[in-house]
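What follows is a single structure, written as structure tokens, with notes after it.
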Amino acid sequence: MNSIKAMLEGRVKVFLALAGKFVRAAPDSEATEKAMRRAG
């Protein structure tokens, strides 16, 4: 997903999730979790 890639590259400062388990639903949960930690 483009949003996950942008977070990993440091181009996203904030990610707003309204509901659900985005990390577990993403195709690569490990990379998604890392990306979301970077976005803060």
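Rounded to the nearest 10 degrees, the inclination of helix 29-39 to the longest alpha-carbon principal axis of the chain is 40 degrees. Report note on the peptides 32-38, 8-14: ranked by the mean count of other C-beta atoms within 10 Å, highest first, their order is 32-38, 8-14. Using only side-chain charges placed at the Cβ, +1 for Lys and Arg and -1 for Asp and Glu, the dipole size of the chain relative to its Cα centre rounds to 120 debye. Electrostatic bookkeeping for Glu30 treats Lys and Arg as +1 and Asp and Glu as -1; over the other residues with beta carbon under 15 Å from its beta carbon, the sum is +4. Out of (i) 6, 23, 26, 18, 11, 11, 5; (ii) 6, 29, 36, 25, 4; (iii) 5, 25, 33, 25, 11, 1, which label holds the value of P(r) over Cα pairs in 5 Å bins from 0, in percent that was computed here? This structure yields the entry labelled (ii).
Only the coordinates and a few stated rules stand behind these numbers; no lab work does. Small disclaimer: the values here were computed from a predicted structure and weren't measured. No Cβ is skipped: glycine too gets one built from the backbone with ideal geometry, and neighbour counts run over all protein chains shown.
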